[in-house]
Amino acid sequence: MIVAIDGPSAAGKGTLAKRLARHFDLAHLDSGGLYRAVGLKLLRAGQDPADEALALAAARSLRPAELSDPALREEATGKAASIVAAMGPVRQALLDFQRAFARTPPDGKAGAVIDGRDIGTVVCPEAEAKLFVTASDEVRARRRSEELQGRGEIAIYARVLKDMRERDARDSQRSVAPLVAAEDAFVLDTSDLDADEAFAAALEVINQKIG
Ligand code: C5P
């Protein structure tokens, strides 16, 4: 069983995906972490994330340990991630890993919940359940600001909103695997929902699909 959860940044995909994975006893993959790890690797090496040859080399040489670096969550890493994510060869290099995870989830799990931007459209178009989780720009920017502040980072709402819109535009307008809801995805707007309500709504949709 594969559950695909796509949507723009800070819409609540990650929290929801983790909770659904726990509920259904499935493996969870945060596919954004792969793009973030590539971006971070370049930043750490003092390299330009816009350099496609270097980005591709970084993607091909990713190691599992690089997927748990706390700096993955930083805003600068997110920006670098969205730059490398617009490159077809980089996406191709990361595709096999994601498909293998879906086909053979770790720890003998019977399936996976994968969150990202193109899971329902490109990585796992065959997924049994697809959700496109979204929320208004303002709500997402507020949530992201609070998350950053909670981690002790300085976050100015107006700046977070501007950066987020810039990243969403890059993700939506790129020519390869742009951020778009799959035709058969259920669109879940979480603007007026808290985490529990979003989980309950997602559960209902998935149970209908698989039931
Ligand atoms: O979801 P997260 O904010 O961690 O993703 C970081 C960036 O990685 C996104 O802005 C997007 O550019 C890219 N990404 C992608 N496809 C995915 C997951 C993430 O292009 N499936």
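The values are calculated or read from the model by the stated rules, or taken from the named source; none is laboratory data. Remember, predicted model here, so these are calculated numbers, not experimental data. Virtual Cβ from ideal backbone geometry, glycine too; neighbours counted across all protein chains shown.
Quick notes on this structure:
- All told, residue 191 falls short of being in a loop (DSSP other than H, G, I, E, B) and either at positive phi or loosely packed, with under 12 Cβ neighbours inside 10 Å (or both).
- Whichever residue in region 188-211 is of a type in the set (A, V, I, L, M) and out of contact with any Gly (no Cβ under 9 Å at 6 or more places or on another chain) and, among such residues, is farthest from residue 19 (Cα to Cα): 210
- Across region 97-122, the number of residues qualifying as in contact with a strand residue (DSSP E or B) (Cβ under 7 Å, 6 or more places away or on another chain), hydrophobic (A, V, I, L, M, F, W, C) and part of a helix (DSSP H, G or I) comes to 3.
- Options 146, 153, 138; residue that is modelled with pLDDT under 95, part of a helix (DSSP H, G or I) and farther than 17 Å from residue 36 by Cα: 146
- In summary, residue 48 fulfils each of the numbered conditions (1) more than 16 Å from the ligand (Cβ to nearest atom); (2) buried (at least 16 other Cβ atoms within 10 Å of the Cβ); (3) assigned to a loop (DSSP other than H, G, I, E, B) with the single exception of condition (2).
- Checked against (1) away from the ligand (no atom under 14 Å from the Cβ); (2) more than 23 Å from residue 3 (Cα to Cα); (3) surrounded by 12 or more Cβ atoms within 10 Å (Cβ to Cβ), residue 105 passes all but a single condition, namely (2).
- Residue identified as crowded, with 20+ Cβ neighbours inside 10 Å and within 21 Å of residue 40 (Cβ to Cβ) among 140, 117: 117
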